[in-house]
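The values are calculated or read from the model by the stated rules, or taken from the named source; none is laboratory data. The structure presented is a predicted model; accordingly, all values stated were derived computationally and were not measured. All Cβ positions, even for glycine, are placed from backbone atoms using ideal geometry, and neighbour counts span all protein chains on display. These area figures cover heavy atoms from the full protein model, side chains too; ligands, DNA and RNA do not enter into them. Shrake-Rupley method; radii C 1.70, N 1.55, O 1.52, S 1.80 Å.
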Amino acid sequence: MCVKLEYANPTGSHKDRAVVYMLRRLAAEGLLEPGGCVAEISSGNTAAALAWAARLLGLRAVLYVDRGVSGVKRGLIEALGGEVVEYGVTIADREAAVEDMERRGCAYLHQAGNEANMLAHYEGTGREILHQMHGRVDAFVMGVGTGGTLTGVAARLREEAGNTLIVGVTPRGSRLSGGPGGVEVIEGLSSHDIPSLYASRSSLVDRLVEVTAAEAAEGVAALLDQAGVAAGHSTGAAVAALRRLVEEGAVGRGWRVALVAADHLSRYPGLAGLLAGRRRRG
Ligand SMILES: Cc1ncc(COP(=O)(O)O)c(C=O)c1O
């Protein structure tokens, strides 16, 4: 198993690349003037990445975060230079957020439907994985948030590595796997929505594996113990899915499997506390 450490990016996640790519695209399309404003509905990794990249590029970033967001996350976004607007979590709230962006004259990044999000991983992450694994990748396993990473890397691997098994990972009971959504929460992975970016390219995906939050936490611990990689919850979900595929015999023991560590364990104090408690109990 090879793990690409995307938490080494400047704000600590794979979203730095996607955001820079999406901003470049908006600028190239003439939708973003110098000193202009860009907005996104996110309180997670994308929010941090956008706040950071916008500031560097001399743009304003407005982030719509849900009212329950922790003070730590809000503080990080603001420290990086983003402006925070709190909103609710219903579809109507989301629509109101989009209207508010328009009123403020901000371009909407809309990562869940933005082709440039996928292209960042097709032209960047996927190409790098191929190079770093010397052209042989037997399987790629990745959690689905917008689906940008999974489909972008998959498209590249299909073109250049041939018969790679492409595996998406989703929280058990998610809408993506035909469930009601909201049954299990693994931060960064989509549970209630079916992002259009994923839906339009789901034919690239050979298997969609459902995992629970507890299995994902087990995966985080296994990755730490076996490889010394301290990754976040969604990476643990990918490890848990891979373990299941190995047990089923769908992935052979000698296979070269690629994973992306989207972010770092230190971003999840609750999860780190859980693992600490387990170690204390032995
Ligand atoms: C921690 C984490 N893992 C995985 C993902 C999924 O990435 P993508 O949106 O490219 O599907 C995200 C997306 O926000 C994330 O924050």
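Here is how the numbers come out for the structure above:
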| read-out | value |
| --- | --- |
| Hey, residue 243 open to solvent by 20 Å² or more (accessible area, probe 1.4 Å), away from the ligand (no atom under 16 Å from the Cβ) and either assigned to a helix (DSSP H, G or I) or hydrophobic (A, V, I, L, M, F, W, C) (or both) or not | yes |
| Residue that is open to solvent by less than 60 Å² (accessible area, probe 1.4 Å) and modelled with pLDDT of 95 or more, where the choices are 232, 273 | 232 |
| Check on residue 163, within 12 Å of the ligand (Cβ to nearest atom) and either within 27 Å of residue 215 (Cα to Cα) or out of contact with any Pro (no Cβ under 6 Å at 6 or more places or on another chain) (or both) | no |
| Whichever residue in the stretch 2-52 is away from the ligand (no atom under 15 Å from the Cβ) and either surrounded by 23 or more Cβ atoms within 10 Å (Cβ to Cβ) or on the phi > 0 side of the Ramachandran plot (or both) and, among such residues, is modelled with the lowest pLDDT | 30 |
| Top-ranked residue in the stretch 183-214 [being part of a helix (DSSP H, G or I) and open to solvent by 60 Å² or more (accessible area, probe 1.4 Å); ranked as nearest to the ligand (Cβ to nearest atom)] | 196 |
| Members of the stretch 126-150 found to be more than 9 Å from the ligand (Cβ to nearest atom) and within 14 Å of the chain's Cα centre (by Cα), listed by number | 141 |
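Quick grid of which residues meet (1) out of contact with any strand residue (DSSP E or B) (no Cβ under 8 Å at 6 or more places or on another chain); (2) open to solvent by 60 Å² or more (accessible area, probe 1.4 Å); (3) within 16 Å of residue 171 (Cα to Cα):
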residue	(1), (2), (3)
226	yes, yes, no
239	no, no, yes
260	no, no, no
268	yes, no, no
